[in-house]
Amino acid sequence: MKALVALASALSKVPATRTEFATVPIAGFNPPMKDVGSTLRWDAAKAKAMFTKVREDRPLIAAGAEPKPGDPPLFGKDVPVRGNRLGCP
């Protein structure tokens with residue numbers, strides 16, 4: 001528990017402009033599954049590229065780019081955004 005509190009404290013000092021948020025790229029819907037319902041299918045190639053960048057601690061957003069989140073988000077158009085671009089009304 002102490003480690004989690006220390007991590008939260010350290011992360012609170014990171015400016016929102018230095019954070020990135022993304023969702024796993026989606027390729028479409030899978031057939032409904034019994035006792036589960038609808039599920040989404042990842043875009044394997046795009047997901048692999050995204051997770052490689054995360055694993056290697058590389059940015060998802062190009063230097064100088066300031067992408068805006070879709071409102072509402074568009075299916076199939078996965079756009080990572082900086083933390084300062086997200087807002088809760």
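Please specify each residue of the stretch 34-83 satisfying the condition of being more than 12 Å from the chain's Cα centre (by Cα) and of a type in the set (Phe, Trp, Tyr).
Selection gives Trp42, Phe75.
Cβ-Cβ under 7 Å, sequence separation 6+ or interchain: first residue in the stretch 20-38 and in a strand (DSSP E or B), partner of a type in the set (Ser, Thr, Tyr) and open to solvent by less than 100 Å² (accessible area, probe 1.4 Å). Which pairs?
What qualifies is Phe29/Ser38; Met33/Thr39.
For the stretch 39-49, what are the residues that are free of Cβ contacts under 8 Å to residues at least 24 places away in the same chain and open to solvent by 90 Å² or more (accessible area, probe 1.4 Å)?
Arg41, Trp42, Lys48, listed by residue number.
I need a count of the residues in the stretch 48-69 that are of a type in the set (A, V, I, L, M, F, W, C) and in a loop (DSSP other than H, G, I, E, B).
The qualifying residues number 5.
Look at Phe75 and say whether it is assigned to a loop (DSSP other than H, G, I, E, B), aromatic (Phe, Trp, Tyr) and open to solvent by 60 Å² or more (accessible area, probe 1.4 Å).
Yes: the conditions hold for Phe75.
Here's the yes/no breakdown for (1) among the hydroxyl-bearing types (Ser, Thr, Tyr); (2) open to solvent by 50 Å² or more (accessible area, probe 1.4 Å); (3) under 16 Å from Gly83 (Cα atoms):
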{"site": "Leu11", "(1), (2), (3)": "no, yes, yes"}
{"site": "Pro15", "(1), (2), (3)": "no, yes, yes"}
{"site": "Thr19", "(1), (2), (3)": "yes, no, yes"}
{"site": "Ile26", "(1), (2), (3)": "no, no, no"}
{"site": "Met33", "(1), (2), (3)": "no, yes, no"}
{"site": "Phe51", "(1), (2), (3)": "no, yes, no"}
{"site": "Glu56", "(1), (2), (3)": "no, yes, no"}
{"site": "Glu66", "(1), (2), (3)": "no, yes, yes"}
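The values are calculated or read from the model by the stated rules, or taken from the named source; none is laboratory data. In this text the structure is predicted, and so the values were computed from the model without any measurement. In this analysis, Cβ positions are derived from the backbone assuming ideal geometry, glycine residues included, and neighbour counts consider all displayed protein chains. The area values use the complete protein model at the heavy-atom level, side chains included, leaving out ligands, DNA and RNA. Shrake-Rupley method; radii C 1.70, N 1.55, O 1.52, S 1.80 Å.
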